[in-house]
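Chemist: My structure is below; once you've seen it, I'll send some questions.
The values are calculated or read from the model by the stated rules, or taken from the named source; none is laboratory data. No experiment lies behind these values; they were computed from the predicted model shown. Here the Cβ is made from the backbone with ideal geometry for all residues, glycine too, and neighbour counts use every protein chain on show. Just the protein is used for accessible areas: all its heavy atoms, side chains included, with ligands, DNA and RNA removed. Shrake-Rupley method; radii C 1.70, N 1.55, O 1.52, S 1.80 Å.
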Amino acid sequence: MKIKTITCHDVYNYGASLQAYALQHYLQSLGHEVEIIDFRPWFQQIRYNFWYVPKDSKYYGLCKKSKILNFLYCLKLYNQQSTYGRKRPFDEFKSKYLKLTERTFCDSQDLKLNPPEADIYIAGSDQIWNTESYNGKEPAYYLDFGDDNTKRISYAASFAVNDVKECMHDFIKDRLSKFDNISVREKTGLSILKSLGINNGTLVLDPIFLLNKTQWERFPLKKKYIEPYILIYDFLHDDTKLTNSAKQIAKNKKLKIVSINDFKKLDYADINVSNAGPIEFLGLIKYADYVVSNSFHATAFSILFHRQFITYPLKSQNNSTRMSDFLESIGLLDFYNKNYNENLGIDYEKIDNHINTLIANSKKFITEYIL
């Protein structure tokens, strides 16, 4: 089969890059010809593009009129970030491991006018249907392009939120009515589908679980630090509960604090890593003694690599059901948004048995609806 997937594959986010790779690689292992549609709408082009001014910025018009104002605006954004070193390893990962369509599409209209040829389109995974962000309002992520005869499927698509505003119901329902089969990543996603009158959704795991631990370890995952460490992956650096737990764990277990950064350095970390790409991200988790994060994929890979962890919701973001739903589904909700408890450990033999059943069901969805 000739398959084209569409997801958030080029946004300088660890989980986004790795889940895109995982779905592509797994489908290829089944003998399919797979490409990721190189869809890069304007709202995904701001990171690490010095001269880019988003169209919804109140300064957009002024910057277009004045090169000096454009420079000053972009210089301010540049100075607010200390992680430009991440760009190169992300770009290298994309070039080496993601097979993209030759054509880059920058908006839905371009995709409609020039749809890539395929037997099957697959939407997902990650937060492509999160209507609290631009993703969920983007028709392309609902496969609103191409021939009506092309099969349309979602794999582990995520709404990321508990519910969808009523004003978005018709927009979503009309487009999903063209899908042959729909699978989502969270049970709250099933509830949202039912609220739209769609009762045939299937719950599956994130694509990273389609590859096992051994397959992920085929990447060159280096042990970067000799001393034992706790890895912190905190997007916004604004959660005192996360901070307090991280410091307590580090103190009790005599661990160095290593922070992997998206935007800026973490002031209480012993070591700040601001230039890591997706492969370095995997290595830092694999060799960590403990992982504290507010990231879905940091949590997922901690479980895959059998790390001790605690996960927190992103403050001020309405997208944390993706973490709580997943952890509840595998019996690890005690490790979500809780204070550190040194007596609470993880029986990974039991967890693996549970996850393996979910993985089998996820793979069954793919073989039933794609082959």
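Chemist: Looking at the square roots a ≥ b ≥ c of the eigenvalues of the Cα gyration tensor of the stretch 255-300, which shape do they give, rounded for a/c under 1.5, prolate if a/b is larger than b/c, or oblate?
Modeler: The shape class here is rounded.
Chemist: In the stretch 185-259, which chymotrypsin sites (Phe, Trp or Tyr not before Pro) fall in coil by DSSP and have 10 or fewer other Cβ atoms within 10 Å?
Modeler: Passing sites in the stretch 185-259 do not exist.
Chemist: When you count, for each residue, the other Cβ atoms within 10 Å and take the mean per peptide, how do 252-259, 199-206 rank with the highest first?
Modeler: Ranking the peptides 252-259, 199-206 by packing returns 199-206, 252-259.
Chemist: Counting only C-alpha contacts under 8 Å and six or more residues apart, can you give the relative contact order of the stretch 178-245 as a whole percent?
Modeler: After rounding, I find 24 percent.
Chemist: OK, next. If you count, for each residue, the other Cβ atoms within 10 Å and average over each peptide, how do 132-138, 61-67 line up from highest to lowest?
Modeler: Numbers: 132-138: 18.7, 61-67: 12.6.
Descending mean neighbour count gives 132-138, 61-67.
Chemist: If you average the sequence gap of Cα pairs under 8 Å that are 6 or more apart and divide by the length of the stretch 203-274, what percent do you get for the contact order?
Modeler: After rounding, I find 26 percent.
Chemist: So what is the relative contact order for the chain, in percent, with contacts set as C-alpha pairs under 8 Å and at least six apart?
Modeler: Normalised by residue count, the contact order of the chain is 16 percent.
Chemist: Taking the Cα centre of the chain as origin and charging only Cβ (+1 Lys, Arg; -1 Asp, Glu), how large is the dipole, in debye to the nearest 20?
Modeler: 1120
Chemist: Could you work out the Kirkwood radius for the stretch 65-159, taking every pair of different alpha carbons, averaging 1/r and inverting it, reported in Å?
Modeler: 16.4
Chemist: Also: What is the magnitude of the charge dipole of the stretch 251-359 about its Cα centre, with +1 placed on the Cβ of each Lys and Arg, -1 on the Cβ of each Asp and Glu, and no other charges, expressed in debye to the nearest 20?
Modeler: Here the size comes out at about 360 debye.
Chemist: In whole angstrom, how long is each semi-axis of the equivalent ellipsoid of the stretch 226-371, when you take the square root of 5 times every eigenvalue of its Cα gyration tensor and sort them from largest down?
Modeler: After diagonalising the Cα gyration tensor, the semi-axes are 27, 17, 16 Å.
Chemist: Not counting ligands, DNA or RNA, and with a 1.4 Å probe, what is Lys165's accessible surface area in Å² rounded to the nearest 10?
Modeler: 120
Chemist: Using the Karplus equation 6.51 cos²θ - 1.76 cosθ + 1.60 (θ = phi - 60°), what ³J(HN,Hα) coupling, rounded to whole Hz, does each residue of the stretch 20-26 give in order, writing x for Gly and Pro?
Modeler: 5, 4, 4, 5, 4, 5, 5
Chemist: Hey, if you put +1 on the Cβ of every Lys and Arg and -1 on every Asp and Glu Cβ in the chain, which of Tyr134, Val291, Thr5 ends up farthest toward the positive end of that dipole?
Modeler: Val291
Chemist: Using the charge dipole of the stretch 254-364 (Lys, Arg: +1 at Cβ; Asp, Glu: -1 at Cβ; taken about the Cα centre), state which of Ala276, Ser259, Ser362 has its Cα farthest towards the positive end.
Modeler: Going by the charge dipole, the pick is Ala276.
Chemist: Starting from the alpha-carbon convex hull of the stretch 1-49, give the projected area averaged over all orientations, in nm².
Modeler: Its average projected convex-hull area is 3.4 nm².
Chemist: Taking a quarter of the surface of the convex hull around the Cα atoms of the stretch 136-230, what do you get in nm²? Mind dumping the intermediate values first?
Modeler: Working: hull surface 36.9 nm².
Average projection, Cα convex hull of the stretch 136-230: 9.2 nm².
Chemist: Past the 29 angstrom mark, what percentage of all C-alpha to C-alpha distances in the stretch 82-241 do you count?
Modeler: Tail of the P(r) past 29 Å holds 33 percent of the pairs.
Chemist: Below 15 Å, Cα to Cα, which aspartates and glutamates can Lys87 reach? Residues fewer than 8 away in the same chain don't count.
Modeler: Within the straight-line cut-off, Lys87 pairs with Asp10, Asp262, Glu280.
Chemist: If you work out Cα extents along the principal axes in Å from the coordinates, which of [x] 59, 59, 40; [y] 73, 50, 44; [z] 62, 59, 37 do you get?
Modeler: Read-out taken from this structure: [x].
Chemist: Based on C-alpha coordinates, I'd like the Rg and Dmax of the stretch 203-250, in Å.
Modeler: Cα only, the stretch 203-250: 15.5, 40 Å (Rg, Dmax).
Chemist: For Asp38, list long-range residues whose amide hydrogen, built 1.01 Å from N in the peptide plane, is under 5 Å from its own amide hydrogen.
Modeler: HN-HN under 5 Å from Asp38: Thr101, Phe105.
Chemist: Now for a different question. Using θ = phi - 60° and the Karplus relation 6.51 cos²θ - 1.76 cosθ + 1.60, list the HN-Hα couplings for the stretch 186-201 in order, rounded to whole Hz, with x at every Gly or Pro.
Modeler: Per residue, the Karplus-derived 3J(HN,Hα) values read 10, 5, 5, x, 4, 5, 5, 4, 5, 5, 9, x, 9, 10, 10, x Hz.
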